[in-house]
Amino acid sequence: MEKIVIEGGHSLKGMVTISGAKNAALPIIASCLLTGGWHRLSHVPRLKDIQTIKLIMSNLGVTFREEEGEVFVNSENVHEYEAPYNLVKTMRASILLLGPLLARLGKAKISLPGGCAIGARPINLHLMALAAMGVEMRLEQGYIHAQVDRLKGANIFFDITTVTGTENIMMAAVTADGQTVLQNAAKEPEVQDLADMLRSMGAQITGDGTDTIVIDGVKDLRPTPQHHVIPDRIEAGTFMIAAAMTNGEITINGCRPEHLAAVIERLQSVGAELEKVGDGLRVRGPGTIKSVDVKTMPFPGFPTDLQAQFMAMMCIASGSSVIKETIFENRFIHVSELKRMGADIKINGPHALVRGKARLSAAPVMATDLRASASLILAGLVAKEGNTEVNRIYHLDRGYEDLEKKFRSLGAGIWREKV
Ligand code: EPZ
């Protein structure tokens, strides 16, 4: 086990380059199941979750190799179709294997992902849509047993916007018989990046990035000649918030401002100065951080994956702010840990009332999920009276590539220690 130790009080200055997006790379790697041959992927982040999906897919018969930082994937010999509980329980996104396995093999046995710290995380919408496409499913001993002779196109309405639900059905639909229309589809950049990947394989998809996606089934697909994964907007947003919180100045290279409009707007409203530079953004922190309200929404609204990080900033803002979490029912677990550092936060259902304080104080805290870990590190960067210790940082390593090294290169006092 390891922990991250942070000596607070440093203003962060310098340049950082954003890694590939975890939540784009996961469905894109899963989509390589759709056809044999060597797929060539670049800008895949080196993360625990990526290792996990590669391990599960290797057990299905998929071959991976790496050359000069690029990932090559070949599912020519895929023969197995089971994603086992012991691996799925460590990464819910394994459910993204369901659609491509059904498209390729006509069967799949996937452990039900189960809930996680931030919520029950049901997959009923994934299963509803697959049933509409002709898939027969039964739930036995915690596994979904699914099979279908031929997937058929369907008109599907998601009554809740679901990112991986949209992605799973897109992948199931690309070689189905006929047309599939997804209504109330997710518009996230990661969904669009998957659509780009599928089109590079020969799929016919239009409307990605809007709430109606149309997929016309094709007979054959070919491996992608090359696909470059988009930058991780959540990592970029984490550094943007860090610049504002530490009254620093960070140039965030390789991020896509058009993926961050809601975050840019909120940071400007707290008083940070942002400007587009080269292939990224420069963020200058304000002397005093203004308190502003924020409500998480599906893209293009403020992302739920940055809610905990934004809350850490509101803990040292000049007034009171209300943070409303509308996506997940239990995504305030970081609150009790922030309160151990002296934060003044009251929760009332989906709302958190944050009363800003002059400073936070260092303390040993415990990460409970991926984005909560980032929130606690940000709080540690501004905490005084000693060093903050963030425990259980295996959560962090699932979704951030070398985060403490990147922060150290910006002048933070931060290092990893064995527990
Ligand atoms: C994706 O999760 C992301 N994960 C999450 O990032 C992200 O927080 C979330 O989208 C929202 O943007 C990946 O892309 C791998 P949803 P996903 O289905 O697809 C309900 C991170 O930190 N719902 O869009 O699982 C669900 O309970 C992670 O990187 C159903 O009710 O989220 C939630 O309330 C955390 N039934 C809402 O929809 C379903 O069948 C949105 O969930 C599916 C979802």
- Query: From the list 342, 349, 386, which residue is over 21 Å from residue 286 (Cβ atoms), among the small types (Gly, Ala, Ser) and at pLDDT below 95?
  - Reply: 386
- Within segment 105-123, restricting attention to residues that are at pLDDT 95 or above and surrounded by fewer than 22 Cβ atoms within 10 Å (Cβ to Cβ), which residue is farthest from residue 57 (Cα to Cα)? 106
- Message: Between a residue in segment 163-175 that is touching a residue at least 12 places away in the same chain (Cβ under 8 Å) and any residue that is surrounded by fewer than 24 Cβ atoms within 10 Å (Cβ to Cβ) and among the aromatic types (Phe, Trp, Tyr), which pairs come within a Cβ distance under 9 Å, given they are 6 or more apart or on different chains?
- Response: 163/299; 165/158; 166/158; 169/158
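Looking at segment 193-201, can you tell me whether even one residue there is free of Cβ contacts under 8 Å to residues at least 24 places away in the same chain and either closer than 25 Å to residue 50 by Cβ or in contact with a strand residue (DSSP E or B) (Cβ under 8 Å, 6 or more places away or on another chain) (or both)? Spell out the reasoning first.
Of the residues in segment 193-201, the ones free of Cβ contacts under 8 Å to residues at least 24 places away in the same chain are 199.
Restricting the remaining residues to those that are either closer than 25 Å to residue 50 by Cβ or in contact with a strand residue (DSSP E or B) (Cβ under 8 Å, 6 or more places away or on another chain) (or both) gives 199.
Checked against the condition, which is being free of Cβ contacts under 8 Å to residues at least 24 places away in the same chain and either closer than 25 Å to residue 50 by Cβ or in contact with a strand residue (DSSP E or B) (Cβ under 8 Å, 6 or more places away or on another chain) (or both), segment 193-201 yields at least one hit.
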- Residues that are more than 19 Å from residue 236 (Cα to Cα), surrounded by fewer than 24 Cβ atoms within 10 Å (Cβ to Cβ) and small (Gly, Ala, Ser), drawn from segment 367-415: 386, 413
- Query: How many of the residues in segment 100-114 are touching a strand residue (DSSP E or B) at 6+ places or on another chain (Cβ under 7 Å) and over 7 Å from residue 81 (Cβ atoms)?
  - Reply: 5
- Note on the structure: In segment 83-99, anything within 12 Å of residue 146 (Cβ to Cβ) and touching a residue at least 40 places away in the same chain (Cβ under 8 Å) is listed as 95, 97, 98, 99
- Query: Pairs, please: C-beta under 6 Å, at least 6 apart or cross-chain, first residue closer than 18 Å to residue 97 by Cβ and in segment 122-145, second polar (S, T, N, Q) and within 8 Å of the ligand (Cβ to nearest atom)?
  - Reply: 125/162
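The values are calculated or read from the model by the stated rules, or taken from the named source; none is laboratory data. This one's a predicted model, so the numbers in the text were calculated from it and none came from an experiment. When we count neighbours, we look across all protein chains shown, and the Cβ atoms used for this are built from the backbone with ideal geometry, even at glycine.
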